[in-house]
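Visitor: Before I ask anything, let me first share the structure, which is written out below as structure tokens.
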Amino acid sequence: FDDLARRSIVMENAFTAMPHTSKSLVTSHCGVAPPLDAHNSEGKAGGVAARCLPRLLGDLGYKTAFFQSPTKDFENRGQMVDNLGFGEFYPLEELDKSGFEEVNPLGYEDDIMVQPSVDWAKAQDGPFMLSYMTVTGHYDYLLPDNFEIKHYSDDEVYNLYLNTVRYQDRFVGKLIQSFKDAGL
């Protein structure tokens, strides 16, 4: 993340409107407050009251896709992705699980999205936008067996959380390197 921050725009005053993933996705993709309810209304038809970045970019000729390591039915994500304006949606069911581990009840380790999303991007003949929904950083904070757990804290749950942050850092680095290797 530090390397990416040196080469990117960094938002130092960003806030989550509600501590719920689907609400945060509305805020980050649309720049508006999400529906302030506990009913996941953003995942229902017409549940997002804005033209969001994926749709706006699509209008300008961008191809857009949303990849996620959870299942397609998680929080009615297919409808929500459509509400945000993404052209394509690749949930867990669309990804090859061979060689990847389930990390929590939500889905599989996030690395499952790297190669399919790079392959998707390589197939595009113009500008594109990709978004990712990761699950490794969600409670129970479980990591793939091959990911070394480091000691950061004597509090076991907090230590696992910090290791999932480290996993996410590695995931972002792996994505960036994969896109560089592909000439993207």
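Visitor: Report yes if ASN40 is open to solvent by less than 40 Å² (accessible area, probe 1.4 Å) and of a type in the set (S, T, N, Q), otherwise no. Give the steps one after another, and end with the answer.
Guide: On the way: open to solvent by less than 40 Å² (accessible area, probe 1.4 Å): yes; of a type in the set (S, T, N, Q): yes.
So ASN40 fits the description; yes.
Visitor: Out of everything in segment 59-78 that is at pLDDT below 95 and not small (Gly, Ala, Ser), what residue ends up being farthest from PRO144 (Cα to Cα)?
Guide: ASN76
Visitor: Scanning segment 131-184 for residues that are in a loop (DSSP other than H, G, I, E, B) and among the aromatic types (Phe, Trp, Tyr), which turns out most open to solvent (accessible area, probe 1.4 Å)? Give the steps one after another, and end with the answer.
Guide: The first filter runs over segment 131-184 and keeps only residues in a loop (DSSP other than H, G, I, E, B), leaving 134-155, 182-184.
Add one more test, that the residue is among the aromatic types (Phe, Trp, Tyr), and what stays is 139, 141, 147, 152.
Numbers: TYR139: 150, TYR141: 44, PHE147: 25, TYR152: 109 Å².
Top of the filtered list is TYR139.
Visitor: What residue, among those in segment 58-82 that are open to solvent by less than 20 Å² (accessible area, probe 1.4 Å) and free of Cβ contacts under 8 Å to residues at least 60 places away in the same chain, is farthest from the chain's Cα centre (by Cα)?
Guide: Filtering segment 58-82 for residues open to solvent by less than 20 Å² (accessible area, probe 1.4 Å) gives 64-70, 77, 80-81.
Cutting the leftovers down to free of Cβ contacts under 8 Å to residues at least 60 places away in the same chain gives us 77, 80-81.
Values: ARG77: 12, MET80: 13, VAL81: 12 Å.
So the residue we want is MET80.
Visitor: Let me ask something additional. Does segment 4-32 hold any residues that are closer than 22 Å to TYR139 by Cβ, touching a helix residue (DSSP H, G or I) at 6+ places or on another chain (Cβ under 9 Å) and either modelled with pLDDT of 90 or more or not in a loop (DSSP other than H, G, I, E, B) (or both), and which are they? Step through it out loud before you land on a result.
Guide: Of the residues in segment 4-32, the ones closer than 22 Å to TYR139 by Cβ are 14-28.
Going one step further and asking which of them are touching a helix residue (DSSP H, G or I) at 6+ places or on another chain (Cβ under 9 Å), we end up with 14-18, 20-23, 25-26, 28.
Scanning segment 4-32 gives THR21, SER22, LYS23, LEU25, VAL26, SER28.
Visitor: Looking at segment 105-130, I want the residues that are within 20 Å of LEU57 (Cβ to Cβ) and have a partner that is at pLDDT below 95 and among the hydrophobic types (A, V, I, L, M, F, W, C) with Cβ atoms under 8 Å, at least 6 apart or on another chain. Which pairs are those?
Guide: VAL118/LEU184; ALA121/LEU184; LYS122/LEU184
Visitor: Continuing with this model, one more query. Quick one: count up the residues across segment 74-115 that are outside any helix (DSSP H, G or I) and of a type outside the set (Gly, Ala, Ser).
Guide: So the first thing to find is which residues in segment 74-115 are outside any helix (DSSP H, G or I), and the list is 85-91, 95-109.
Applying the additional criterion that residues be of a type outside the set (Gly, Ala, Ser) yields 86, 88-91, 95-97, 100-106, 108-109.
Of the residues in segment 74-115, 17 are outside any helix (DSSP H, G or I) and of a type outside the set (Gly, Ala, Ser).
Visitor: Can you name every residue in segment 33-45 that is modelled with pLDDT under 90 and out of contact with any helix residue (DSSP H, G or I) (no Cβ under 6 Å at 6 or more places or on another chain)? Break it down into steps so the answer makes sense when it comes.
Guide: We begin by selecting, within segment 33-45, every residue modelled with pLDDT under 90; these are 33-40.
Those that are modelled with pLDDT under 90 and out of contact with any helix residue (DSSP H, G or I) (no Cβ under 6 Å at 6 or more places or on another chain): ALA33, LEU36, ASP37, ALA38, HIS39.
The values are calculated or read from the model by the stated rules, or taken from the named source; none is laboratory data. Not measured: the values here are computed from a predicted model. Virtual Cβ from ideal backbone geometry, glycine too; neighbours counted across all protein chains shown. Heavy atoms of the whole protein, side chains included, go into the accessibility calculation; ligands, DNA and RNA do not. Shrake-Rupley method; radii C 1.70, N 1.55, O 1.52, S 1.80 Å.
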